[in-house]
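**Student:** My structure is below; once you've seen it, I'll send some questions.
The values are calculated or read from the model by the stated rules, or taken from the named source; none is laboratory data. This structure is a prediction, so every number in the text was calculated from the model and none was measured. Neighbour counts run over all protein chains shown; Cβ positions are idealised from the backbone, glycine included. In case anyone asks, the SASA skips ligands and DNA or RNA and just uses the protein heavy atoms, side chains included. Shrake-Rupley method; radii C 1.70, N 1.55, O 1.52, S 1.80 Å.
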Amino acid sequence: MSLCAAHTFAIFADQAALSHGCFHRHGGISPAPYDSLNISFGVGDEPENVHHNRALVKRALGCSTLVSTRQVHGDKVAVIEAMDVDAELDGYDALITAKPGVALLIQQADCQAILLHDPQNRVIANIHCGWRGSVANIIAATLSQMMDTFNCNPAHVQAAISPALGSCCAEFINYKKELPEAFYPFEVKDNHFDFPAISAMQLQKSGLKAQHIEVADICTRCNHDWFSFRRRHETGRFCSAIGLLP
Ligand SMILES: [Zn+2]
């Protein structure tokens, strides 16, 4: 049985040479508590299950190579050059490429994936952004790398923010210690913050146009179709991916 992305973005719909999607937890082969489309090698699931699940995602995307990273909630950005075998890097939280056929995959259980596409230069990026990534502004780090390496103009870049922990569930009791004051306007009720809106703000501060930003607006803790670390700590990881088609 073939797999389809559970969520796609209208902002990328007219880009024929682009493949992307957010894949929820269903359609894979992993047993509970990783049931069933777990794509992480780091949560205790059997590696053969993860390889199988990743192959399903790769086939659904139509890309020949899948590149991911063991994410560390930092702000390091990797530029992917020629890559003809699947690879998992270590220590990066954002991936950029201009190579057709290479899909960039971010692993998630409440954190955001932010998919970027520069249609003029044919460059893509995928960012893992939890609250620490928001504080470190990995979004700005990724866009400046896209400008430095590929001469991207942020005014042309399109961005899509994946399903993630919603403001309904993003409670930060210690926010005065953890979050900068610039985030305080995004407190929607007592100690609850709207992190996708913080990302949209950071994208615009980096030069993106508001009309080039789309937010999935799905809370991964409320909606049981997605893995959520806040709902259950022992769980799998879903993924969001983007690739330029060969
Ligand atoms: Zn929620």
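**Student:** If you average over every viewing direction, what projected area does the convex hull of the Cα atoms of segment 1-125 give, in nm²?
**Tutor:** Taking a quarter of the hull surface, the average projection is 7.8 nm².
**Student:** Starting from segment 1-103, pick out the GluC sites (Glu not before Pro) whose DSSP state is loop and whose Cβ has at most 14 other Cβ atoms within 10 Å.
**Tutor:** 81
**Student:** To continue, here is another question. How about segment 148-246: which GluC sites (Glu not before Pro) there are in a DSSP loop, with at most 10 other Cβ atoms within 10 Å of their Cβ?
**Tutor:** Of the GluC sites (Glu not before Pro), the ones in loops of segment 148-246 whose Cβ has at most 10 other Cβ atoms within 10 Å are 234.
**Student:** Then there's this: From the residues 50, 246, 13, which one has its Cα farthest along the dipole of the chain in the positive direction, the dipole being from +1 and -1 charges on Cβ of Lys/Arg and Asp/Glu about the Cα centre?
**Tutor:** Going by the Cα projections, it comes out as 13.
**Student:** With every protein chain present, what accessible area does residue 233 have (1.4 Å probe, heavy atoms only), rounded to the nearest 10 Å²?
**Tutor:** Solvent-accessible area, nearest 10 Å²: 120 Å².
**Student:** Let me ask you something else. So how exposed is residue 36, as accessible area in Å² (1.4 Å probe, rounded to 10)?
**Tutor:** Counting only protein heavy atoms, the figure is 20 Å².
**Student:** Each residue of segment 229-246 in order: what ³J(HN,Hα) in whole Hz does its phi give by Karplus 6.51 cos²θ - 1.76 cosθ + 1.60, θ = phi - 60°, with x for Gly and Pro?
**Tutor:** Working through the residues one at a time gives 5, 6, 6, 8, 5, 8, 7, x, 10, 8, 9, 10, 9, 8, x, 7, 6, x Hz.
**Student:** Output needed: percent of Cα pairs per 10 Å distance bin for segment 58-216, bins running from 0 to the one holding the longest distance.
**Tutor:** 11, 41, 34, 12, 2
**Student:** Taking the alpha-carbon centroid of each part, what is the distance from segment 1-45 to segment 178-205 in angstrom?
**Tutor:** Cα centres, segment 1-45 to segment 178-205: 27 Å.
**Student:** For residue 112, which sequence-distant residues (separation of 5 or more, or a different chain) have an amide H within less than 5 Å of its own amide H, given hydrogens modelled in the peptide plane?
**Tutor:** Amide H neighbours of residue 112: 129, 130.
**Student:** Also: Out of the chymotrypsin sites (Phe, Trp or Tyr not before Pro) in segment 139-188, which ones are loop residues according to DSSP with at most 16 other C-beta atoms within 10 Å? Intermediate results must be reported in sequence, preceding the final value.
**Tutor:** On the way: sites: 150, 172, 175, 183, 186; in loops: 172.
Hits after loop and neighbour filter: 172.
**Student:** Still on this structure: Roughly what % of DSSP beta bridges within the chain run antiparallel, to the nearest 5?
**Tutor:** Restricted to the chain, the bridges split so that about 65 percent are antiparallel.
**Student:** Over segment 112-246, with every protein chain in place, what whole percent of the accessible area is carbon and sulfur at 1.4 Å, could you tell me?
**Tutor:** Carbon and sulfur: 46 percent of the exposed surface of segment 112-246.
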